[in-house]
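Working notes for the structure below.
The values are calculated or read from the model by the stated rules, or taken from the named source; none is laboratory data. Predicted model only: the values in this text are computed from it and were never measured. Neighbour counts are summed over all protein chains in view; Cβ atoms, including those assigned to glycine, are modelled from backbone coordinates with ideal geometry. Remember, those area values only see protein heavy atoms, side chains included, never the ligands or the DNA or RNA. Shrake-Rupley method; radii C 1.70, N 1.55, O 1.52, S 1.80 Å.
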Amino acid sequence: MRHLLSAGEIDRDQAVLILDTAAELGAVTDRSIKKLPTLRGRTVVNLFYEDSTRTRISFEAAAKRLSADVLNFSAKGSSVSKGESLKDTALTLQAMGADAVVLRHGSSGAAHRLAHAGWIDASVINAGDGTHEHPTQALLDAFTIRRHLAPEGGDLAGLSVAIVGDILHSRVARSNVHLLTTLGARVTLVAPPTLIPVGVESWPCAVSYELDPVLDSVDAIMMLRVQSERMQAAYFPSALEYSRLYGLDAARLSRLPEHAIVLHPGPMNRGMEISADVADSSRAVMVEQVANGVNVRMAVLYLLLAGDGKDAG
Amino acid sequence: MSIVLRGLRPYGEQPADLVLEEGRIADVCAPGRGVGDEVIECDGLIGLPGFVDLHTHLREPGREDAETIDTGSHAAALGGFTCVHAMANSSPVADTAGVVEQVWRLGQRCGLVDVRPVGAVTVGLGGVQLAEIGAMAHSAAAVRVFSDDGECVHDPLLMRRALEYVKIFDGVIAQHAQDPRLTEGAQMNEGALSSRLGLAGWPAVAEEAIIARDVLLAEHVGSRLHVCHVSTAGSVEVLRWAKARGVPVTAEVTPHHLLLTEELIAGYDPVYKVNPPLRSQEDVEALRHAVADGTIDAIATDHAPHPREDKDCEWAAAAMGMLGLQTAFGVVVETLVATGLLTLRQVAERMSQAPARIGRVANQGGDLVPGAPANITVVDTISRTDVRARDLVSKSGNSPYVGMALPGRVWHVAYEGRITVRDGVVA
């Protein structure tokens, strides 16, 4: 692998390798000195065109634990806000010797373009592009699900995962559909028809317009953030109605199987897609997701940058 | 000065000598018999009436960094055109007699093709107030085609009024059919691929609903409607229905919608970003058959030059549009002639005669007979050549065909009896 642009490009063996590597590297986190020398002398640039503190610091922590030099480049207050193009920013990073660029961008396909337009030699990691994909989020979700429900390792064969909410605009949902099904899980998307993408029939998953019928058969349920501006755009009549039909509250939580876990990519809208008592319950694994995110991103950086022939010394 | 096109085969039929004199075809006689000051050996090449483009963006005034009337005229001539309609979305917008006369005069000065300005329907393409349509029609440019192309005249009442108003001088409203609310932020054709790529969809219904409304309006007020760049199978069905009812509607399709499909977008290369967007293979097939059966009257390029920085970027930031003038004939040969859907006489109809009629352009779209205007394109349909960036004379380079081999070649072009292109080079 040279870039990580889409979860759809990862096959089963690669996915399992990333998860296994994440588990191994995660052991470092438990040591008193949380650092490996693997990427010493390599430069990782976090190029963030959208605000995303949690994803950026997760990548930053991952790179630093592998001893890479980290440069943070955020659009606000930089040349980007003065109108510099993605291409010119890429050329600048190239000149500074970036070995990997972690890109968060509001435009779908931006990471693909950065990797393939001939602007830059660095490895490109997609940290979220528009409404397209967010592959490391899917990897950390899969890692979290595996740790709870398939602790012996391997893939997620036989598990059932529901993804609930704004599928239409969600890069997290797209990446998870690809990755979880590649790993053998059954995925059901749950949303009102207005928030289901056109052509979803061709996706390798089931679709339900109702939440209640899927509750008793899921092993993991992932609640997506629903932005209030969707309401203004008439995707649903009111926040209250959305919450009544698609929100996960204590009553619905009680109908999940005993072992089922609740995931959320954050940031949560408490009281909208998830009630406060569910968010704070022992079934919710959001804090673990954050910790696992660092491990998974370490694994991705390691697999992309270590052993690519360049002298890491 | 008289010119003999020796051994030319009009419409690919029997060889003849065509003698051009004083801007007209003076004589059509047996091969070897034509007499003139200059002889161009055509030796079996095909003669067609000069192509007429109903839809070209020449970008002048305002975006001379992308194209000028001069560079666009060169590209048009090399593509076999003797007339192009310059769309109104320049800066300033061509919504006054002053701007359309300027465009027309610059075209005259260049002298390679007849540059026919299109007038805006509404002031500044704003969709609120009718532009001074009458002043443009009665100007030296004698505008007959009016369009807000780039924007849809979506207000139904304004569209009705525009349709009615142009009856004064037998004008036509060329509609860019795109419901604005259904296409907010749209980036590509809406379907399984747009969902996978995470790009906001441009649904076919946004085009079809406007066409359906407009043909009913045109029928109601008895005015001429022309539909720009038809891109979906559903639009073809609506047009077929309207024509069967006798609605005075005509339609055009672009070469790119006859050849390219949305699958090309999977790599997010903005050279494939265009409005209306590339559609599915099923749409392409429907459009080809609609040209063959006459539901679609004309091929129009929607030649849309953009400077490099507007394409060398991420998808959402990129401008919509692609070059088309120099490659139009090759695409028509590939998609319609080589497939047996069109005869060469029908190519002449779709690329020259019908667009000339729709635009009410005198001296264009004639037959290849004595007395007709000497606007002639000499082509073959056999040779297959690679489209190379360095051969494109447009000021911009945003051609989706670079690297493709297209059949058919424009050898010579006569415009008003003068040779504008000789052996594939501007004379």
Subject >> Using alpha carbons only: equivalent-ellipsoid semi-axes of chain B, gyration tensor based, whole Å >> reply: 33, 24, 21
Subject >> GluC sites (Glu not before Pro) restricted to DSSP loop in the range B:1-108 with at most 10 other C-beta within 10 Å >> reply: B:E22
Subject >> Lysine pairs within the protein assembly as shown, Cα separation less than 20 Å, 8 or more sequence positions apart or different chains >> reply: 11
Subject >> the range B:151-194-the range B:283-351 distance, computed between alpha-carbon centres (Å) >> reply: 20 Å
**OP:** Relative to the longest principal axis of the C-alpha atoms of chain B, give the angle of the C-alpha long axis of helix B:156-165, reported between 0 and 90° and rounded to the nearest 10°.
**Re:** 30 degrees
Original post:
Going by a 1.4 Å probe on protein heavy atoms, which residues of the range B:179-195 end up with at least 10 Å² less accessible surface in the whole assembly than in their chain alone?
Top reply: B:E190, B:G191, B:A192, B:S195
**OP:** Taking the convex hull of the Cα atoms, report for the range A:135-285 its projected area averaged over all directions, in nm².
**Re:** 8.1 nm²
Subject >> Cβ-based net charge around B:V153, under 12 Å, with every Lys or Arg adding one and every Asp or Glu removing one >> reply: -3
**OP:** Over all directions, average the projected area of the Cα convex hull of the protein assembly as shown and note it in nm².
**Re:** 34.9 nm²
Original post:
Where is the GNM fluctuation largest for chain A (alpha-carbon springs, 10 angstrom cutoff): A:D219, A:D30, A:D277?
Top reply: A:D30
Original post:
What percentage of the solvent-accessible surface of the protein assembly as shown, computed with a 1.4 Å probe over protein heavy atoms, is contributed by carbon and sulfur atoms?
Top reply: 51 percent
**OP:** Give a quick list of chymotrypsin sites (Phe, Trp or Tyr not before Pro) in the range A:145-244 that DSSP marks as loop, anything other than H, G, I, E or B, with at most 15 other Cβ atoms within 10 Å.
**Re:** A:Y209
**OP:** Please give the net charge around A:R270, taking every other residue with its beta carbon less than 14 angstrom from that of A:R270, where Lys and Arg add +1 and Asp and Glu add -1.
**Re:** -3
Original post:
Which residue, B:I382, B:I358, B:I168, has the most motion in a Gaussian network model of chain B that connects Cα atoms within less than 10 Å?
Top reply: B:I168
Original post:
Taking accessible area as the heavy-atom solvent-accessible surface of the protein chains with a 1.4 Å probe, which residues of the range A:127-155 lose no less than 40 Å² upon going from the isolated chain to the full protein assembly?
Top reply: A:H132
Original post:
What are the ³J(HN,Hα) values, in whole Hz, obtained from phi via the Karplus relation 6.51 cos²θ - 1.76 cosθ + 1.60 with θ = phi - 60°, for each residue of the range B:414-424 in sequence order, with x given for Gly and Pro?
Top reply: 10, 10, 6, x, 9, 7, 9, 10, 10, 6, x
Original post:
For the Cα atoms of chain A, what angle does the longest principal axis make with the long axis of helix A:12-29, in degrees from 0 to 90, nearest 10?
Top reply: 80 degrees
Original post:
In degrees from 0 to 90, rounded to the nearest 10, what is the angle of the helix A:53-65 Cα long axis to the longest principal axis of chain A?
Top reply: 50 degrees
Original post:
Given springs between every Cα pair under 10 Å in a Gaussian network model of chain A, which of A:T194, A:T53, A:T181 has the largest fluctuation?
Top reply: A:T53
**OP:** Give the Rg (one decimal place) followed by the Dmax (whole number) of the range B:188-308, computed from C-alpha coordinates and expressed in Å.
**Re:** 14.8, 46
Original post:
Where does the range B:89-145 land on Rg/Rh, using Cα atoms and the Kirkwood Rh?
Top reply: 0.98
**OP:** Find out how many positive minus negative residues lie around B:V221, taking Lys and Arg as positive, Asp and Glu as negative, among other residues whose Cβ is under 12 Å from that of B:V221.
**Re:** +1
Subject >> the protein assembly as shown: calculated mean residue ellipticity at 222 nm from DSSP helix runs of at least 4, using -39500 (n - 2.57) >> reply: -9000 deg cm²/dmol
**OP:** Could you provide, to the nearest whole Å², the per residue accessible area of the protein assembly as shown with probe 1.4 Å?
**Re:** 37 Å²
Original post:
Could you give the nm distance between label points at A:A276 and B:R422, where each point is 7 Å from its Cα heading toward the beta carbon?
Top reply: 8.7 nm
Subject >> Area hidden from solvent between A and B (accessible, protein heavy atoms only, 1.4 Å, total, Å²) >> reply: 1400 Å²
Original post:
Do any residues of the range A:99-115 lose at least 40 Å² of accessible area when the full set of protein chains is present rather than just their chain alone, and if so which, with a 1.4 Å probe?
Top reply: A:S107, A:S108, A:H112, A:R113
**OP:** Take the alpha-carbon centre of the range A:23-97, take the same for the range A:198-223, and report the distance between them in whole Å.
**Re:** 35 Å
